[in-house]
Amino acid sequence: MKTYILHRLLGTIPLLLVISFLAFMVIQLSPSDPAEVAVRVNEIVPTEEVLELTREKLGLNKPFLTRYVDWISSAVQGDLGRRYVDDKPVAQELAKALPPTLWLAAVATIITAVCSIGMAFICARYESRPVDYLLRGLIFLGTAVPGFWAGLLLMWLFAVKLDWLPTSGMNSAYSVILPAITLSLTYTATYARLLRNSMVRNKQSNYVLFARARGLYPGTIWRHIFRNSLQSTLTGLGMSLPKLMAGTFVVETIFAWPGLGWLCVTSIFNRDFPVIQAYVLLMAVLFVGFNLLMDILCAAIDPRMRNGSQQ
Amino acid sequence: MSYASTKDIRNINPHLYSGEMAAQNMVFEPLVINTTEGVKPWLAESWEISPDGKEYTFHLRKGVHFTDGAPFNAEAVKLNMDAIVANKPRHAWLDMVNLIDRNEVIDEHTFKLVMKHPYYPTLVELGLVRPFRFISPNCFVNGQTKDGVSGYAGTGPWVLTEHKDKQYALFTTNKNYWGTMPKLDTVRWRVMPDHQTIMLALQKGEIDLLFGSDGDMLNLDAFNALQKEGKYVTAISAPVASRAILLNAHQPVTEEKAVREALQYAVNKQAIAEGVLNGTESVADTLISPTVHYCDLGLPARHYDPAKAAELLDAAGWKTGEDGWRYKDGKKAVVRLYYNSQNAQERTIGEYMQSDLKKIGIEMKIIGEEKQAFLDRQKTGDFELQYSLSWGTPYDPQSYLSSWRIPAHGDYQAQVGLERKEWLDKAITELMIEPTEDARKKMYRDILTYIHDEGVYIPLTYSRTKAVHSKALQGVGFGASQYEIPFETMYFQNSTR
């Protein structure tokens, strides 16, 4: 197992290097001159003199590869450069924006888990009955509705009309509810469908038939069905945390949630390259990290995977 | 009182440009202020200008303190002015910073500003929101302000007491304010990046005021919807800035004066003012409103007249082809209009113009670009038509004209194809240091007449600042510039809130 983990860990290094290089390169390909962007974002008129000073300050007069090596070697040490907008360290800004996004993603994951399991269970239990159709219709709607629209509708209903919750911001414990629900909508719909289908399939397997024949309690049988159906969705759910974190752009903007998504959107509009690069790198690390974690977990559960990878 | 903005106040260092101007204006004050009646005393009670126009002696208001207790005196003024001058490259847009020779302390309450040349907009520019405002010298870092400040102690009516990045900023009344005390105790500046969210928050009563110019804070549709609803008070300022279309005299089709002139007659501004801007803005006949000082020149208006436009094009050799479009020497009349895609209003205006131009056989392509790409394009001059919005009073006309000389601006790029561009730039440079009023009037007349005759701008409308607020909030007015929000005059009718 140890060699497997080590093997996989080492494997992520070149992958992350490639991703970071691509991120760096793609941003360099942008037609905007970074020095000019850095100057303009502070509403300074970009004269040649200022541009020259800025280029020197930001190290933009060095060759491309030197800049990449400089950037990645400082990034490994936790220094992600400075923002163009206000010259603050990028790492510090990301660290400030990470907790709100993590909090939002965590609550959304819980809502996703509870709702999708609950809905899948009901659908599978009452398969092909009206309630199954109704829920499946809702699930379909949930997948189809765009996040920004659903968010605004929820805000209108719960904040303005019913006056139960604040519209936006992160001022009270209740503030997280609306954005988390909005964020979880699509995921809930996806996982509920996945789990429902898996449960319906399992329901028809032989072990259920035998269990019935043995006269087990229906509750016990359903527990078995549920556990056997979970496996396929578990990997998906595990990956949903980084996915949720990367998908908060719209929700954070609508709900004025001071997290990573909002930071990234403003940075894109401002062409704040150091932040965008760092964001891409962070997301790559998260995705690769969670993927690795899930693989290791699966390998721990199922030894066949370990052997397979070592051959 | 809660005010919603799509932007955080960010860094409100008064000598830099990264913060929100309205917030800088709350905390920091200038020596003089710009009003609709011209420049008025503020932290300076009076001043004298030497006969050669180079020395300004200011008599400072006594008994004024920064909110950290430091006295506001000539020494503080000098330190601030020196700190601004020490960061010259950052103020390149403002000629005045380059023209400051030295700052002198005469006595405790007398400060002298010495210029290298006489510079006529000196007083107006001293009253701008930035950079000539005063922060306590205790907030300086290493004797300077260019690399940041350690606090925001100003002399203004408000104190920034709390700031949560990207969430809110809380301003409370400066208890020791020297002037008229604000009537509100606090102003909460809430950050909401989405316009729809701001609307819903207003309906819920979470915020009391929306304030902004040119679709910044609220678009016109929303403004009208709120106006109709009758639950809120909507207000519109007097015209503040010029909305125009820049015609690039350095591009194949628009380089011809006849084409530019034809375009002036082809665009139905009235339809745009009524159809797109819902009658909230008045039609512009000249680039800068005649209400602006030096700009009431009686220049001939070019009213909507598609027949005349067609005539001009015919005379210039642009003949209508079989497909309905005009051609000259096998070249089709195609122009591209670029706009900032974040501004929905600009697209609609573009569509109105597209149909106007089609009527006279010119094909117009409308291309929306993200703000930075839009600015990049300004610099390269790769456009026939582009939006141009002046900075408004008190920047107009002097700062606006001054910016025409900077190659990174679209104005420069559009004008560079003009025969007398060199003269134009020189005239603007000379204008700024012309000490006599009559000579200045003549120079403005020459410059603006030339620009008008050459038709490098299609003036559309004069834009206005808009405000929407709850009925309980009273005293909402407009400052001299569209970037200031006069919070200090606002109050709640019944003190229940």
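The values are calculated or read from the model by the stated rules, or taken from the named source; none is laboratory data. The structure presented is a predicted model; accordingly, all values stated were derived computationally and were not measured. Glycine also receives a Cβ, built like all others from the backbone with ideal geometry; neighbour counts cover every protein chain displayed. To get the accessible areas, we keep the full protein, side chains included, count just its heavy atoms, and leave off ligands, DNA and RNA. Shrake-Rupley method; radii C 1.70, N 1.55, O 1.52, S 1.80 Å.
Structure data summary
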quantity: In the stretch B:357-396, residue farthest from the other protein chains (Cβ to nearest Cβ) [restricted to those that are touching a residue at least 60 places away in the same chain (Cβ under 8 Å) and of a type in the set (Ser, Thr, Tyr)]; calculated: B:THR393
quantity: Residue list for the stretch A:90-132, filter: within 14 Å of chain B (Cβ to nearest Cβ), open to solvent by less than 40 Å² (accessible area, probe 1.4 Å) and of a type outside the set (A, V, I, L, M, F, W, C); calculated: A:GLU93, A:PRO100, A:THR101
quantity: Candidates B:TRP158, B:TRP93, filtered to the one that is under 25 Å from A:VAL50 (Cβ atoms) and touching an Asp or Glu at 6+ places or on another chain (Cβ under 9 Å); calculated: B:TRP93
quantity: B:MET1 under 30 Å from B:THR197 (Cβ atoms) and either among the small types (Gly, Ala, Ser) or surrounded by 17 or more Cβ atoms within 10 Å (Cβ to Cβ) (or both); calculated: yes
quantity: All positions within the stretch B:270-291 that are under 25 Å from B:LEU418 (Cα atoms) and open to solvent by less than 30 Å² (accessible area, probe 1.4 Å); calculated: B:ALA284, B:THR286, B:LEU287, B:ILE288, B:SER289
quantity: Tally, over the stretch A:135-158, of residues that are surrounded by 17 or more Cβ atoms within 10 Å (Cβ to Cβ), free of Cβ contacts under 8 Å to residues at least 40 places away in the same chain and either under 16 Å from B:HIS195 (Cβ atoms) or among the charged types (D, E, K, R) (or both); calculated: 1
quantity: Matching residues in the stretch A:250-266 - criterion: being part of a helix (DSSP H, G or I) and within 11 Å of another protein chain (Cβ to nearest Cβ); calculated: A:VAL250, A:VAL251, A:GLU252, A:THR253, A:ILE254, A:GLY261, A:TRP262, A:LEU263, A:VAL265, A:THR266
quantity: Matching residues in the stretch B:178-194 - criterion: being part of a loop (DSSP other than H, G, I, E, B) and within 14 Å of another protein chain (Cβ to nearest Cβ); calculated: B:MET192, B:PRO193, B:ASP194
quantity: Total residues in the stretch A:232-275, condition open to solvent by less than 10 Å² (accessible area, probe 1.4 Å) and over 22 Å from B:LEU200 (Cβ atoms); calculated: 11
quantity: Helices (runs of 4 or more DSSP H) wholly inside the stretch A:143-244 containing at least 2 residues that are among the β-branched types (Val, Ile, Thr) and more than 11 Å from every other protein chain (Cβ to nearest Cβ); calculated: A:177-203
quantity: Residue that is surrounded by the fewest Cβ atoms within 10 Å (Cβ to Cβ) [pool: residues in the stretch B:152-174 that are assigned to a loop (DSSP other than H, G, I, E, B) and at pLDDT below 95]; calculated: B:ASP165
quantity: Checklist (1) more than 14 Å from every other protein chain (Cβ to nearest Cβ); (2) closer than 18 Å to B:MET96 by Cβ; (3) assigned to a helix (DSSP H, G or I); (4) hydroxyl-bearing (Ser, Thr, Tyr) applied to B:SER399, failing item; calculated: (1)
quantity: Residue in the stretch B:314-356 that is modelled with the highest pLDDT, counting only those that are under 27 Å from the mean Cα position of the chain (by Cα) and among the basic types (Lys, Arg); calculated: B:ARG336
quantity: Qualifying residue in the stretch A:50-57 (condition: touching a helix residue (DSSP H, G or I) at 6+ places or on another chain (Cβ under 7 Å), open to solvent by less than 90 Å² (accessible area, probe 1.4 Å) and at the interface with chain B (Cβ under 9 Å from one of its Cβ atoms)); calculated: yes
